[in-house]
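Here's the structure, in C-alpha cells; my notes come after.
The values are calculated or read from the model by the stated rules, or taken from the named source; none is laboratory data. The model shown is predicted, which means the values in this text are computed figures rather than measured ones. As a convention, Cβ positions derive from the backbone with ideal geometry for all residues, glycine included, and neighbour counts pool all protein chains shown.
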Amino acid sequence: AQTVTQSQPEMSVQEAETVTLSCTYDTSESDYYLFWYKQPPSRQMILVIRQEAYKQQNATENRFSVNFQKAAKSFSLKISDSQLGDAAMYFCACSNAGNNRKLIWGLGTSLGVNP
Amino acid sequence: KAGVTQTPRYLIKTRGQQVTLSCSPISGHRSVSWYQQTPGQGLQFLFEYFSETQRNKGNFPGRFSGRQFSNSRSEMNVSTLELGDSALYLCASSLGQKNTEAFFGQGTRLTVV
C-alpha cells in the first residue's frame, strides 16, 4: 500500500521569498510517479509538477522545483519568488506507473503569501 | 478545448436519499477517476473507469457505484446517503495510458442533512 505524509498543515511566506513544502511517502512499487497539486479557493486541482521515480534529475517547472530523495522517500516542493497567486492548498500525491491511475494523497499544506 | 465538467456544482440531499453526480471528461480522454475530499480524511480514491469498464476501485462501501458511457462521460451514484457522505467529489480525466496527466474538474459539493 502507498501512503503520503505532509507534516506541515499550514505555512506562510513573504511575497518574492522562497518556501519549501515537505512530503514523505511510502510505496512498495518499483516504478511510480510523484506529484504536487495546487488547489486554490476555486477548488479545481491543478498539477504543479510531476516526478518520475526512475529519473534521478529533479523536476523543474519555472518557479517550482522539487528535491526528490528516493532512498529517503522524500519529495519536497520549492517555490521561488513567491507570488500572491501562489496562495492555495498544496497536495503531494503518489501513483503507480501502470495504466491504472490511482492517486494516493497527503492531507495538504495551506500556503499563505504575505504582501 | 473544454475542460472537465462536473454537474451539478452544489447539491443538498437528505439522509437516506440517493444522488447521482456527472462528469464529462476532456474530449478524447477515455479514463475518468473519482475522488472524495473531506476535511478529516483528505482525498480518497473512489474508482476509475476506462472505456466503460471499471479498472480500479478504492475502499468504499457498495453504496458508492459508478459507470461510464460510450462517450466517456461518467456518473457516480451514492445510495442511502449518510451524513458522513458530505464532501467535495472530484473527477479527473486522462487519456488513460501510462505517463499521461490527469485533469480535474471543479467538483460537486454534496451536503447531506
Scanning region B:1-26 for residues that are surrounded by fewer than 11 Cβ atoms within 10 Å (Cβ to Cβ) and either of a type in the set (Asp, Glu) or modelled with pLDDT of 95 or more (or both) gives B:TYR10, B:THR14, B:GLY16
Exercise. Is it true that B:SER79 is among the small types (Gly, Ala, Ser) and at pLDDT 95 or above?
Worked result: yes
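Which of the residues that make up region A:38-48 are farther than 19 Å from A:SER7 by Cβ and surrounded by 14 or more Cβ atoms within 10 Å (Cβ to Cβ)?
Filtering region A:38-48 down to residues farther than 19 Å from A:SER7 by Cβ leaves A:40-47.
Result: A:ARG43, A:GLN44, A:MET45, A:LEU47.
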Residue count, region B:70-113, condition within 14 Å of chain A (Cβ to nearest Cβ) and not in a loop (DSSP other than H, G, I, E, B), comes to 14
Per the filter on region A:93-115, residues within 11 Å of another protein chain (Cβ to nearest Cβ) and under 24 Å from B:GLY40 (Cα atoms) are A:ALA93, A:SER95, A:ARG101, A:LYS102, A:LEU103, A:ILE104, A:TRP105, A:GLY106, A:LEU107, A:GLY108
Counting only strands (runs of 3 or more DSSP E) entirely within region B:11-62, those with at least 2 residues that are within 12 Å of the chain's Cα centre (by Cα) and of a type outside the set (Val, Ile, Thr) are B:19-24, B:31-38, B:42-50
